[in-house]
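Colleague: One structure coming up, written as structure tokens, with questions to follow.
None of the figures in this text is laboratory data; all of them are computed from the coordinates on show. For clarity, every value in this text was computed on a predicted model and none was experimentally measured. Methodologically, a virtual Cβ is constructed for each residue, glycine included, from the backbone with ideal geometry; neighbour enumeration extends over all protein chains shown.
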Amino acid sequence: MISPIEIRRQEFSRRLRGYSKEEVDSFLVNIAEEFERLYRENAELKEAVQRAEIDMAKYKKLEETLNQTLLLAQQTAEEIKLNAHKEARMLLDGVRQKIKETFAVYEEMLKRLNIYRTEMKSYINAQVEFMERHDQRLEELTSFFYSQDTKELLEAISKAEKGGD
């Protein structure tokens, strides 16, 4: 590629009836200035493209990192959700087991209460029977003591005691 300095230093051979030296020099100066401007602009654009490529690489890397972070966050969320479901199932199973155990204890208590009730009922019935037998004996004794024979016997004993005094 030709540089602006080369354009400015370019020399042309002279000939008879050639171009006007001032016009050619003026034209070369204009071309050199325009080429210089384009050269600078091209260099600036190359720098801008290079900066843009560097920025783009940074953004691509950032995008990759964000995508990886998002993927990791999604995976973590899924794991958390699965763990939460597992924990909920375990808790629910534990609660069900506890309810079964509590119900079994309740049933056992009812059985024992029924056995106790039956035993108490038998005991009370035995006591009632005992009381009835006792009452019957008491009635027998009472009727014996209040019978006519017993009254006569007591009167005779009483007379004998008075008479024997």
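Colleague: Per 0.36 nm of contour for each residue apart, how much would the distance between GLU22 and TYR116 grow if the chain were fully extended, relative to their Cα-Cα spacing?
Modeller: Full extension of this stretch gives 20.2 nm more.
Colleague: How would the stretch 1-67 be classified by its alpha-carbon gyration tensor: rounded, prolate or oblate, with rounded meaning a/c under 1.5 and the a/b versus b/c comparison settling the rest?
Modeller: Prolate shape, in that a/c is at least 1.5 and a/b is the bigger ratio.
Colleague: Here's a follow-up. Give me the net charge for the shell around MET109: Cβ to Cβ below 14 angstrom, other residues only, Lys and Arg +1, Asp and Glu -1.
Modeller: 0
Colleague: Within straight cross-link reach of LYS60, meaning Cα distance under 25 Å, which lysines are found once same-chain residues fewer than 8 apart are removed?
Modeller: LYS60 reaches LYS46.
Colleague: Using a Förster distance of 25 angstrom, determine the FRET efficiency expected from the C-beta separation of PHE12 and GLU34, and round it to 0.05.
Modeller: 0.85
Colleague: Please list, in chain and number order, the residues 5+ apart from GLN10 or on another chain whose amide H is under 5 Å from its amide H, with Hs placed from the backbone.
Modeller: HN-HN under 5 Å from GLN10: empty list.
Colleague: Right, here's the next one. Give me the compactness ratio for the chain, meaning the Cα radius of gyration over 2.2 N^0.38 Å.
Modeller: Normalised Rg, Cα atoms only: 4.21.
Colleague: Can you run phi through the Karplus equation (6.51, -1.76, 1.60; θ = phi - 60°) for the stretch 153-160 and list ³J(HN,Hα) in whole Hz, with x for Gly and Pro?
Modeller: 5, 5, 5, 5, 5, 5, 5, 5
Colleague: Counting only other residues whose beta carbon sits under 14 Å from that of PHE144, what net charge do I get with K and R as +1, D and E as -1?
Modeller: With Lys, Arg at +1 and Asp, Glu at -1, the neighbours total -2.
Colleague: With a sphere of radius 11 Å drawn around the Cβ of ASP93, what net charge do the other residues whose Cβ falls strictly inside it have (Lys, Arg +1; Asp, Glu -1)?
Modeller: Within the 11 Å Cβ shell, the charges total +4.
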